[in-house]
Every structure is written in structure tokens, then in C-alpha cells.
Number of protein chains: 2
Amino acid sequence: MLSDIEISRQSPRLPIAEVARQLGIKAAHLHPHGHYKGKLDLALLHHAPAREPGKLVLVSAITPTPLGEGKTVTTIGLSMGLNHIGQSSIATIRQPSLGPVFGVKGGAAGGGMAQVVPMEEMNLHLTGDFHALSAAHNLASAALDARLFHERKLGDRFSASTGLARLDIDPANILWPRTLDMNDRALRHLTLGQGGPADGVERLDRFVITAASELMAILALARDLKDLRARIGRIQLALDLGGQPVTAEQLEVAGAMTVLLKDALKPTLMQTTEQTPVLVHAGPFANIAHGNSSVIADRMALGLADYVVTEAGFGSDMGLEKFFNIKYRQSGLAPACVVLVATVRGLKANSGLLDIRPGQPLPASLQGEDLPTLKAGCANLAWHIQNARRYGVPVVVAINRFATDSQAELDLLAREALAAGACGVALSRAFTDGGAGAADLAHAVVAACEQPSEIRLLYPDEMSLAAKLATLVECGYGGRGITLSDKARQQLARLSAAGQDHLPVCMAKTPLSLSHDPARKGVPTDFEVPIEEVKLCAGAGFVYALAGPVMTMPGLGSLPAYRHIDIDDEGNVIGLS
Amino acid sequence: MLSDIEISRQSPRLPIAEVARQLGIKAAHLHPHGHYKGKLDLALLHHAPAREPGKLVLVSAITPTPLGEGKTVTTIGLSMGLNHIGQSSIATIRQPSLGPVFGVKGGAAGGGMAQVVPMEEMNLHLTGDFHALSAAHNLASAALDARLFHERKLGDRFSASTGLARLDIDPANILWPRTLDMNDRALRHLTLGQGGPADGVERLDRFVITAASELMAILALARDLKDLRARIGRIQLALDLGGQPVTAEQLEVAGAMTVLLKDALKPTLMQTTEQTPVLVHAGPFANIAHGNSSVIADRMALGLADYVVTEAGFGSDMGLEKFFNIKYRQSGLAPACVVLVATVRGLKANSGLLDIRPGQPLPASLQGEDLPTLKAGCANLAWHIQNARRYGVPVVVAINRFATDSQAELDLLAREALAAGACGVALSRAFTDGGAGAADLAHAVVAACEQPSEIRLLYPDEMSLAAKLATLVECGYGGRGITLSDKARQQLARLSAAGQDHLPVCMAKTPLSLSHDPARKGVPTDFEVPIEEVKLCAGAGFVYALAGPVMTMPGLGSLPAYRHIDIDDEGNVIGLS
């Protein structure tokens, strides 16, 4: 089989203007970026072609493994499958981060015959949204340090010479890190402002990856441009010397940040290997952020197609939980069905019975039939099915088929899925066969969407933040509750006193286990999640909690992916996967 | 009069596809970015419409003052003026940096009736080239620190476990800073890698603004994609423990950096307030970099129009000197004439007789007629005329007219210009009257381009680097020579031993004086320029020298421009100037 980038390059494609035209979008509402991608104007939110709103399908998965379960492949494949069986469908997915692209994971445009094309444009700058986010984020950082510097330098004369009230920012209480869309561990902890009195105020700082910036969550959750502007104004950048928040509005930088994000707020239209439409927008990771594509992309797509297939990051304990408790809570856009992606290999790996090590040959169990190991791993599948059903929507299991799967294994997996409460189960061969390979899955999804559903969230708004965290661990992960660090306890008390108890919580935790410990596979139960720190994201509208030492700036490995990425003699990109 | 952004918003404009069509560019060779800007395919370098190559006109200026001489206004205005008198003309200018846009200077799209439109798109992200440069630059930084980290962590096992030869990077000899397109003084000096053994190797580092990155110079000087790839491979990122250079090629990151810059290498086509074509590309500052738009944009434009008007940053001692000794030396594209922009106010300010202070009312001399002060200031004009003539091309002086100028002042300025050797002098009213206001200037330029010219450079390739620096100061600035710091002396000796003496030099110095001291106005002569440091830019193809403590990362002032930038109720950008 050809490599992903070869398939992408050879796949037939329509001019993006034609993809838009087929959706009934006027030329004025498409802002092309080259010939094969374009941004959709926000006017479409109000002037979409008249039609019934489509049905939203949320794709989640079992607990991820190093083998790769192919969730994006299945998301793209299902959307192509729906179009294949005569429904209209748009996939709404997140933009890949350059960090993983050059690090280890590679791109996130799907793979094989179920890709977004041109994949190199999707995986590299796309239409510049991540860069705009980094610029807007770092403008606030520069503004904050500049204000700190000028107030200190001018002292009592500050207000007289500028006409501005002092903000008295506390350099020990800066809440806003800097950001880069890069895997760069050396930027995790640093001291800046070290040049002397003319070169800023010396203080500790850190960079997070752009996907972890509150601005990314804001972009993904904003309803429209005005809402974006208001949310940015509410961002708490620091505390002042009296312990009161200093917002982006107070620093007078919220307008300029919004201006930098004006175009990033428009979703990008692309196409699949079968020329069906895809909206790519925002890119919060599901472990360190809320892990879902944008509200605006979903809203637009629901006005343009019968079905909208959207992907929530990692397992159902991560992106799916956050989809319901954070994104749905803010958007009101409910999925009609959940698709859980599972693989025979991934469930075997989730059994906890295998020893899988990077750089070592795969265990025999993964290369041939092994029903007992699969059966053990199906406990993880059952947990995710029940977890998804808890939110009140029907669940379809999509088995992403690999060549090594035996028929007996596939039958066992299907039986276990139905026994655990899935309303449907179907094989997907989208990787090799494109939309035709996902036709069965598409039919199962259409049937599931006809079933009644009634969304139930994990916790009500009026529960305290600490109780929400405990509920999330007990009901959302299957653990025994939380332990709070002293720091987290104080922070929660302060947030409670400041009247922020009504917000939902966004947990930063490992995706590799239902617990906070990546070593605990399958369905761990006997664990308490340590909450190290909590932080108000007043612009995003949630309280962010760190479950243990969670990395918000990844690093490059010793054999990073960038080594193989280059241009060939014709100027084509090679080595991207 | 309306503000610049109001004029920009109200000015009639053509779809960018129509601007391209009028130039004879095929639709396949225009990559639109929205409806009013687009990138030109590099295939145009080889498949431009058949025609005589155009004539290149280089716009420079007197020594800049805080009053603003309107060089970009005159560049855009002249190009519109040439079109107005029936010639075809394209302006090739640099992309503005976000640092000054949000800091103090505002945008760089021209002004009044001589602007590039939409000015907010030009001044903000444009087509993402600066962001691509920052990403490619910081990828090399992350790769460098990651390699340092992994070699240290794995020790003797590094080669066995990765299959790679050790690079033995010396953390005390990292030549590659990090970069952001932001004014952020707190990032001038920092210590990174402070999190502990898992978070990188602790070392000193610094950020430069993207315009100062060697990658920016490379983008501006590259002939084509292959040349870009080769230049990036040659970049020296660090020295190893044995003092030998570590290149981007050795770190295996040059291919991925090139891939990130593949689209940035394509110039962006926009239009003026009179719908004439403009190519915007690259953005090196002329004080801390070589200060000229790209070779590729000039090459493309010369194949598409009778005249190409390009702007060199700051005074003729800065961007113009670098145009000849660096850019022309590499590109072979010679200007047929130089236009020197002067203003009555700017020359008065250059007299050294006035006390102009930020925040204070302007001296009376600048608000009414003052012939003696103007006459004194004309020494600076005469110097720049003679300086430009030294390179062997005819010089036209463009007087950018302000309402406060008296006829006697304009007459004096014109007489002085002709006496100093200008072959022509003309008023420009492009700010208020657009192309019609620059018709006289356009005629003068057409006449000058008919005159014979023979390019002479300041120094031959085979002169030593130290001698080149001394020649630059003596012949290019009018000083007595250079003094070398011990560090610079050692660096020059090392470069000489490494066989790099053949390269031209790129001086980082203040633009506010012909000398290295911004306080010395007019035509200082009795000075020696202190060279603190020199650095090989093997990819850009020059040796960079710092004349005293030159700032490569600006800071935000106490009343920064971003405070007034916002969106209005219709989503329009306001407050940008």
C-alpha cells in the first residue's frame, strides 16, 4: 500500500470553491487559501441554506494504546460512508499541532483511503490559526511583562506620565504562561528578564504548547466574534499585589488579541480522499485541554448537512466526557449518537496482560488470534460503552479492522459490545476501502440516530467545584474520589469565595489509563486522583484541574519525526505521515 | 482627512484574481488567500508572460527622524504614479512585523491615498510568512536543545540506542537564539531548561524578533526552493565541544524547516488604493538585518512590469548600502535609478539645531518657514545623494510634501538636491492625491532610468572581513574606521581561518545617525564604529556585525499602540494606523 502522503497526493480532488458550491455556500462566504482549502465566513451562521439542522455524531474510543486505534480514520471514514449511502455528511475535526507532527505522532489528517487532503496542508500551517493563537497569546504575555516593567521603572510617576491607573501586577502571581506550537521541553521552566534594569523584570515563567492555551479553548467554545471578544476580555492574566485578578480587559489588550484571532475564528473547509467536505477548526488536546473541535464549526456544519461527524480526543473518559460536561453545556448542541472506536489489537493491549515496549518486537498475541487476551481487554470496551451511555445517547461500536484480526476475534468483540449495551456494532474498513468500507457503520449510525436520547450530564452547575471533581473521578473514571494538594485546596476555596462554583471542570490527566496512572490498564477502580492545582479559565468558562504532574509542554524524542521530513526535487513534501 | 484604516476600507478594490489576470498571470499560478490577497507560484519565475524585463527603482531616504519621512508612502505613490503616466509598475515591499504594529510605529502599508489595501490584512498576519519563519526557526531551537538533552541523558549509550553519531553540542556556544514576532524585552536574556533533569539542559538563551532571524534574510535572498533548502542546510546553529560548527543539515532538521517555509517563499500579491499591483515579501529590518524585500519578488515583478519600485529600509547608509553590497551581490539585479525621499521637516530635524522630544510640542521651526535650519539640514541630504551616487546609479530626490512646507523651503531643498548631484528632483503629493500626486516624480524617474549606470560596490569579495568593515565605515558612513572588541577580533580571526573572508558584511547599527551614536545628527565624520561582535550567517551568505549594543528584540513602551486596536460592532478592525 502507498504511504499516506502518496495517497493524499494521488487522490482526485475538487477545487475548494466547488466543494463549497456543492454545499450551497455562496462564493462570497468562502475565503479561499490556495486552491484546496478555504475559510467559511461567520455570516454562514446566520445565512446558511435553508434546511433542517443535521444530526450530530460524536466519535470517541477505548483507552488509547501505542498501537493506534484509528479514531480519526474512522471519523473521516464514517463521514465518507454516510455520503456513500446517500446521506449528506460533514466531518468536523481538530487541526493538528506542529509539536506532534515533528515529534513522534505524525499528522492527524486520518490515514490510508480515509484522509483529509492535501494532508501536508492540513498537518502543517493549514490556514494559520495556531500561529494566530500563539501570537495573540504571546501579545498578552508581552503586554503583561511590559506593564510590570514600566510600573516598576516609573514608580510613583507611572500614572502621571501615562494617564493610566496602576495595575500593581504581582510578579509572583502571573497566571498566564507564554506559548509555542512546538515540542520544546527546555521551555517548561525558565527565568526571563535577566538582562538588567532595561530588560524587564526578572521572574520565573514557562511556555505551554499552543493546544494547551486557554485561548485555544476560547476559540473552540466561542459562539461568534462578539462572544470571542467578551471571553478574551475576561481572561485572568495575573493577580495584583492585593490578590485581585488582572484581566486582559484591564490591561487593554483584549481588543488587539481579538483582532489577531478574527480570521482564526472562521473554520477551514477541506475535503476527504472522496471529495466530501470536512471542517477543520481549533485543536485543544483532550488530555491537557477540552479536546474537541469548535462550536462554530459544528453549528455551521449542522446547517449544511444531514449528519455532522465530530471527533472527541482520546478515550471516552477524556474528550467525550469534556464534550458533554463542557462543550455541550455551553453550546447546547447534543449528539444523536456516540460511536466508540475499538480495535482487536487495542483491546488486547488494554487487557494489561501484554508487555508492549517501544523499540521491541510486538508480543505474539498481537500478531495472531488470541481470544482470552481479547476477552480480558473487552472489559475496557464495556466500561467505555457504559460510560458513553451514561450521558443518555445510543452507542455504536466501530471495529476498525486490521489485517491480523481473525473472524473469531471480530465475532467475540461484536458479542461483547452488544452485551455491554451498544445498540449497534459494525466493522470499518475505511483505511483500505474508503467510504464503501464504512457503509455498514454508516447504516448502524443512521439507525442509532433514530433512537430516542436525552442528555444527562455528570453534575449540575450548582454543585461545588470540589464535589464536581470528586463526581468526575467517581462517575467519569470509576475511581474512589480525589485527594487535594494544599495548593489546590486553597485555590478551590478562593474560587468558591469568588463565586466561581457554577463552572464545569476540565481535568488534565493522562489519557493512557482511566485513572491518573498510565501504568494501570483495563478498568482500574481502586484509585484516588490527586489534584495538584486548579486554575480558573474565566474566558473559556471552566476550572482547569491538574491530576498529578501533567505535562503541558511536550518534548522531542531522541529520534524525532522531523528527521525524515523534506522536499523532493519537484518541491513536494516527503516523509510526513 | 480620514484615518488610514478608513481610507483603506473605503477604497475601491479589485478581486485579487483580477489584479493577477491584468498582469497576465494564469489562475493556476495565483494561490488566493481570501479575496484580496494571494501568493504567486514560484513557477512564475520560469513561466512569466514573455516580455522585456522591467527596470528596478530603489527607494531610499535621508537619515530617518521621529517625524516620519513617508518612504513607504512615496514607494507606493511612485509606483501608482508610474501607472498613472502610462507605464506599468509593481511595488515590491516588505511585510510589516507585528512587534512595531502593536508597539509604537503602527503598520507599514503606506498611508493616506498611497496605501496597500486592505491595510489591516497587510499589517496583521498577511499570508502567514512571519509565523512560518518563527515556527521553522524555533523548530531548529527545539531540535538543538533536544539533541543536547538526549546526548547528555543517554551518555555513552546515545549512539548505540539511536544509531546517530554524537554531535557534542557545546551549551556555552549555541549560536541560534529563539524567535518571536513580538516586542518583548523580557525575552532578551533568559535561562531555560530549569525544571530538573527531565526538563532539558539549563543554559542561557535569548529571543530575537523574527525580522532579525537569519531565516528571514535567507527567505529574502533565496533564488528558489532548492536554493532555500541548501542555504538552510548551511546554517550554523552551534559549535561543538571541539569548536567546530554544527549545522542544520547535521542536526537533520533542514528539510523540515524548508517544508515549513515552502509557501512563505511565494510572494504575496496585493493592490494599492488605486488597484495597481504590489508584491509583499519578507521583512528584514534594515538596522538589525539587511533591510530589503525578497530577490524572488523582485525577479517575478521584473518579469511582469515595465518598472519595479522597491524600498530599502531607513537611510541610504542602511538599507541602500545593504541592497548593493549584499542583495545585488547575490541576485545580480541592478537598479536603474535610486529615489531618495526627503522632507523639509526631516531635514530640519537632521540639522541638529532643534530639540525634538517625545511628548513635547514640536519646535516652531517645524511648524513654519525656517530656511537657515533647512539649509543646515540639507548637508544630510547631500551626503545621502553622494552616498547613493557612489554605487554608480542616477539619483532622483523625491520631496514628500507636507502642508507646513513653504514654497521657498521647497525651492531651497530642490536647489540643494541638484547641487549635490541629484539628476532630478520632484515633489510627491501621493499621500493626499495618490498616483496623480506622484506623476512628476514618475516622469523624473523614467528620465533617470534612461541615464547610463554602472554598479560599483563598496568592496571586492576578496578583501578581508575586517577591511570590509573598516571600508564600510569609512566609505559607507563617512567615519574614521572601526574599533574591534576582543571578542570580535577573535571571531574575525576564526572566520578568516575558516575561509569565510569572501563574504560581504551586514552591519547592525542605529539608523538614526550615520554613525553608531543616535545623538549625532547631520553628517558626523569624526567617529570610529565599535564592533562588539561578529557572527557568520552561512545560510544568508554574509557576516553579521554588531556596532555597539544593538537591540535585536524591541520592547513595548508605556503607552503601546495595541491599547487602541479592537473590533467594532460590525467586526471591522479599528485603531490600526
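Values as computed for the structure displayed
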| item | result |
| --- | --- |
| Condition met for B:Pro177 (touching a helix residue (DSSP H, G or I) at 6+ places or on another chain (Cβ under 7 Å) and of a type outside the set (A, V, I, L, M, F, W, C)) | no |
| Boolean, B:Thr127 is within 21 Å of A:Lys39 (Cβ to Cβ), surrounded by 23 or more Cβ atoms within 10 Å (Cβ to Cβ) and touching a residue at least 12 places away in the same chain (Cβ under 8 Å) | yes |
| Filter pass, A:Arg21 being of a type in the set (D, E, K, R) and surrounded by 15 or more Cβ atoms within 10 Å (Cβ to Cβ) | no |
| Selection within region B:223-232 - surrounded by fewer than 21 Cβ atoms within 10 Å (Cβ to Cβ), in contact (Cβ under 8 Å) with a residue 24 or more places away in the chain and not acidic (Asp, Glu) | B:Arg223, B:Leu225 |
| Residue in region A:241-255 that is surrounded by the fewest Cβ atoms within 10 Å (Cβ to Cβ), counting only those that are in contact with a strand residue (DSSP E or B) (Cβ under 7 Å, 6 or more places away or on another chain) and within 18 Å of B:Ser558 (Cα to Cα) | A:Thr247 |
| Condition met for B:Gly283 (more than 13 Å from chain A (Cβ to nearest Cβ) and closer than 22 Å to B:Gly332 by Cα) | yes |
| Test: residue in region B:378-390 that is more than 22 Å from B:His516 (Cα to Cα) and among the aliphatic types (A, V, I, L, M) | no |
| Residue list for region A:552-572, filter: more than 8 Å from chain B (Cβ to nearest Cβ), in contact (Cβ under 8 Å) with a residue 12 or more places away in the chain and touching a strand residue (DSSP E or B) at 6+ places or on another chain (Cβ under 9 Å) | A:Thr552, A:Met553, A:Pro554 |
| Enumeration of residues in region B:391-425 that are buried (at least 23 other Cβ atoms within 10 Å of the Cβ) and aliphatic (A, V, I, L, M) | B:Val393, B:Val395, B:Val396, B:Val397, B:Ala398, B:Ile399, B:Leu413, B:Ala417, B:Ala422, B:Val425 |
| Subset of region B:195-233 (residues that are within 21 Å of the chain's Cα centre (by Cα) and among the small types (Gly, Ala, Ser)) | B:Ala211, B:Ala212, B:Ser213, B:Ala217, B:Ala220, B:Ala222 |
| Positions within region B:484-493 being closer than 29 Å to B:Asn387 by Cα and in a helix (DSSP H, G or I), in sequence order | B:Ala488, B:Arg489, B:Leu492 |
| Given (1) away from chain B (no Cβ under 11 Å); (2) surrounded by 20 or more Cβ atoms within 10 Å (Cβ to Cβ); (3) modelled with pLDDT of 95 or more, index of the condition A:Ser88 fails | (2) |
| Residue satisfying all of: in region A:499-522; among the aliphatic types (A, V, I, L, M) and in contact with a helix residue (DSSP H, G or I) (Cβ under 9 Å, 6 or more places away or on another chain); farthest from A:Asn387 (Cα to Cα) among these | A:Leu503 |
| Lone qualifier among B:Thr258, B:Thr276 - being of a type in the set (Ser, Thr, Tyr), over 28 Å from A:Glu121 (Cβ atoms) and out of contact with any Cys (no Cβ under 9 Å at 6 or more places or on another chain) | B:Thr276 |
| Subset of region B:561-577 (residues that are part of a loop (DSSP other than H, G, I, E, B) and buried (at least 20 other Cβ atoms within 10 Å of the Cβ)) | B:Ile565, B:Leu576 |
| Top-ranked residue in region B:98-147 [being in a helix (DSSP H, G or I) and away from chain A (no Cβ under 11 Å); ranked as nearest to B:Leu228 (Cα to Cα)] | B:Met122 |
| The one condition in (1) surrounded by fewer than 24 Cβ atoms within 10 Å (Cβ to Cβ); (2) over 21 Å from A:Gln407 (Cβ atoms) that A:Glu321 fails to fulfil | (1) |
| Residue match in region A:210-217 (condition: among the small types (Gly, Ala, Ser), surrounded by fewer than 20 Cβ atoms within 10 Å (Cβ to Cβ) and within 26 Å of B:Gly557 (Cβ to Cβ)) | no |
| Filter result (surrounded by fewer than 23 Cβ atoms within 10 Å (Cβ to Cβ) and either farther than 14 Å from B:Val117 by Cα or within 9 Å of another protein chain (Cβ to nearest Cβ) (or both)) within region B:32-43 | B:Gly34, B:His35, B:Asp41, B:Leu42, B:Ala43 |
| Filtered residue count, region A:293-350, keeping only those that are assigned to a helix (DSSP H, G or I), over 19 Å from the mean Cα position of the chain (by Cα) and in contact (Cβ under 8 Å) with a residue 60 or more places away in the chain | 6 |
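This table checks each residue for (1) farther than 14 Å from A:Gly478 by Cα; (2) buried (at least 23 other Cβ atoms within 10 Å of the Cβ); (3) over 17 Å from the mean Cα position of the chain (by Cα).
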site: A:Asp501; (1), (2), (3): yes, no, yes
site: A:His516; (1), (2), (3): no, yes, yes
site: A:Arg520; (1), (2), (3): no, no, yes
site: A:Pro524; (1), (2), (3): no, no, yes
site: A:Val529; (1), (2), (3): no, yes, yes
site: A:Val534; (1), (2), (3): yes, yes, yes
site: A:Ala540; (1), (2), (3): yes, yes, no
site: A:Gly548; (1), (2), (3): yes, no, yes
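The values are calculated or read from the model by the stated rules, or taken from the named source; none is laboratory data. In this text the structure is predicted, and so the values were computed from the model without any measurement. Methodologically, a virtual Cβ is constructed for each residue, glycine included, from the backbone with ideal geometry; neighbour enumeration extends over all protein chains shown.
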